[in-house]
Amino acid sequence: MNTSPNFDFNNDFPPDFTWGVATSSFQIEGAHDADGKGPSIWDTFCLDPANIKDQSDGTVACDHYHRYREDVGIMASLGVDAYRFSMAWARVQPDGKGAWNEAGFGFYDRLLDELAARKIRPHLTLYHWDLPQGLQDEGGWLNRDTAHRFADYAHEVARRFGDRIEAIATHNEPWCTANLGYGNAQFAPGVADLKQSIQVSHHLLLSHGLAMRAMREVGSRAKLGIVLNQWTADPATDSPEDRALAEFEYARSTAWFMDPIFKGHYPELALRGHGANAPEVRDGDFDIIRQKIDFLGCNYYFRAWCSSATPPVPAPAKQGVTDMGWEIYPQGLPELLVKLKAEYPELPPIYITENGMANPDKVADGHVHDPQRIAYVRSHLHALKQAMEAGVDVRGYFLWSLLDNFEWNSGYSKRFGIVHVDYATQQRTLKDSALWYREFIAARARA
Ligand code: FCB
């Protein structure tokens, strides 16, 4: 029975395809200092109102720390198979080194219990940008030692929880940590220094490799991998300048993180372009980084559009833009995945770990009509199916996001959820897109 809006796309994905929703700790948990949690760099970053568009912060967010049962109940009502979330490092190790905080682990223990009771499989991300401030005080990701602290943390989490979690990703979008956190100061810790950002990207990759090794030592059942934000890069025109720009953009972003993991070196083109800003790499670093991963998480929102003109030639945006101003370009997803498959023969199974859109949603009479989001998700799923038909091994899709939440430097001004959150009352309201997703999942082919 097709009762929800715009239900006209058959779910012909494989019966065992994983359908999920995604969130991250800082964006939803709140409880910023509860039960011994230490401050993270995002707590600090929000203290300067100039950093966040609506001068908000993550102290309460969606209060998920206290409402996780209700939120897992919502997931269960949607019929999702899996939930991707992240752990707040400073909750379980307040200073990022030294003593563990049992009360902090207690929260994730309860969350995992609740998910198990609802038969929702957990996909954990260890680092979704909220570095313990204590480590930042010692240089953060610019300090190579942070990579070793991260490996200790990964080891402890895998030891405690590895057998109760389906998949553990080391990092979420290290490109953003490096480029937005250290390149243009839009994200915590708010540094604008190209050379530092490139060194940080190397330490993030190193920390990924060290954490993979540390978690393998534990020998848990969890599949281990990393989540990258990835895009193809298209030249605005056929001019040699635009084409060169697009090639460089691809090399410094998608390939910059993929090549070390799968080929054991940085892409030559990007290294040349970085010149004196190229990172310091020590002997043996690439052996550490180039670990076999069990899965690759791919976050896809848009393509890169490269124009050397002033002012730049805008992207065509034939299917419109989202409330973030991001071009809607579903075709970029299969283009990206097919390209990755061709370039990396050792590519493991892929999960689309994030995809979704911001929309200025409003509750009216208890409903939220967001046909734009339904169209967005449908068109991306349609495109994803093309990639799979072209032979790319994709195992699952996680919609970003379950809830409206704290969208980093945009604060609460951008709504990505399929569930609306009224921040004054913490009332959750299923948007039409949630109802659509529920029906879409329920309509999957039977094995
Ligand atoms: C991704 C982030 C996620 C969210 C979405 C919109 O880059 O991983 O936390 O902010 O964008």
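The values are calculated or read from the model by the stated rules, or taken from the named source; none is laboratory data. Note that this is a predicted model, so its numbers are computed, not measured. Cβ atoms come from the backbone with ideal geometry, glycine included; neighbour counts cover every protein chain shown.
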Within segment 351-367, can you find the residues that are crowded, with 23+ Cβ neighbours inside 10 Å and among the β-branched types (Val, Ile, Thr)? Ile352, Thr353
Hey, Asp323 in a loop (DSSP other than H, G, I, E, B), among the acidic types (Asp, Glu), surrounded by 21 or more Cβ atoms within 10 Å (Cβ to Cβ) and modelled with pLDDT of 95 or more or not: no
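Residues checked against (1) among the aliphatic types (A, V, I, L, M); (2) part of a helix (DSSP H, G or I); (3) within 16 Å of the ligand (Cβ to nearest atom):
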| site | (1), (2), (3) |
| --- | --- |
| Ile261 | yes, yes, no |
| Arg272 | no, yes, no |
| Ala276 | yes, yes, no |
| Val281 | yes, no, no |
| Ile293 | yes, no, no |
| Leu296 | yes, no, yes |
| Trp305 | no, no, no |
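Does segment 132-185 hold any residues that are assigned to a strand (DSSP E or B), of a type outside the set (Val, Ile, Thr) and within 30 Å of Asp81 (Cα to Cα), and which are they?
Passing the criteria: Ala167, Ala169, His171, Asn172.
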Just for segment 403-437: of the residues that are among the aliphatic types (A, V, I, L, M) and more than 22 Å from Asp43 (Cα to Cα), which one is farthest from the ligand (Cβ to nearest atom)? Leu435
Among residues belonging to segment 207-253 that are away from the ligand (no atom under 16 Å from the Cβ) and of a type in the set (Ser, Thr, Tyr), point out the one that is surrounded by the most Cβ atoms within 10 Å (Cβ to Cβ). Ser207
Reported set for segment 247-270 where residues are closer than 23 Å to Thr310 by Cβ and either in contact (Cβ under 8 Å) with a residue 60 or more places away in the chain or basic (Lys, Arg) (or both) is Arg252, Ser253
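Examine segment 364-373 for a residue that is assigned to a loop (DSSP other than H, G, I, E, B) and among the hydrophobic types (A, V, I, L, M, F, W, C), and state whether such a residue exists. Write out each step before concluding.
As a first pass, look at segment 364-373 and keep what is assigned to a loop (DSSP other than H, G, I, E, B): 365-366, 368-370.
With the extra rule that they be among the hydrophobic types (A, V, I, L, M, F, W, C), the set shrinks to 368.
Taking every residue of segment 364-373 in turn, at least one turns out to be assigned to a loop (DSSP other than H, G, I, E, B) and among the hydrophobic types (A, V, I, L, M, F, W, C).
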Just one of the numbered conditions (1) in contact with a Ser or Thr (Cβ under 6 Å, 6 or more places away or on another chain); (2) within 16 Å of the ligand (Cβ to nearest atom); (3) part of a loop (DSSP other than H, G, I, E, B) is not true of Val313; which one? (2)
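Table: residues versus (1) crowded, with 19+ Cβ neighbours inside 10 Å; (2) out of contact with any Gly (no Cβ under 9 Å at 6 or more places or on another chain); (3) touching a residue at least 60 places away in the same chain (Cβ under 8 Å).
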| site | (1), (2), (3) |
| --- | --- |
| Leu135 | yes, no, no |
| Asp145 | no, no, no |
| Glu156 | no, yes, yes |
| Ala169 | yes, no, yes |
| Trp175 | yes, yes, yes |
| Ala178 | yes, yes, no |
| Asn184 | no, yes, no |
| Ala188 | yes, no, yes |
| Leu205 | yes, yes, yes |
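Please find, among Arg121, Arg164, the residue that is touching a residue at least 60 places away in the same chain (Cβ under 8 Å) and surrounded by fewer than 24 Cβ atoms within 10 Å (Cβ to Cβ). Walk me through it before giving the result.
Numbers: Arg164 fails: touching a residue at least 60 places away in the same chain (Cβ under 8 Å).
Testing whether each residue is touching a residue at least 60 places away in the same chain (Cβ under 8 Å) and surrounded by fewer than 24 Cβ atoms within 10 Å (Cβ to Cβ) leaves just Arg121.
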With the first residue restricted to segment 231-246 and required to be in contact (Cβ under 8 Å) with a residue 24 or more places away in the chain and over 23 Å from Cys176 (Cα atoms), and the second required to be surrounded by fewer than 20 Cβ atoms within 10 Å (Cβ to Cβ) and among the hydrophobic types (A, V, I, L, M, F, W, C), Cβ contacts under 6 Å at 6 or more apart or on different chains are Ala236/Val313
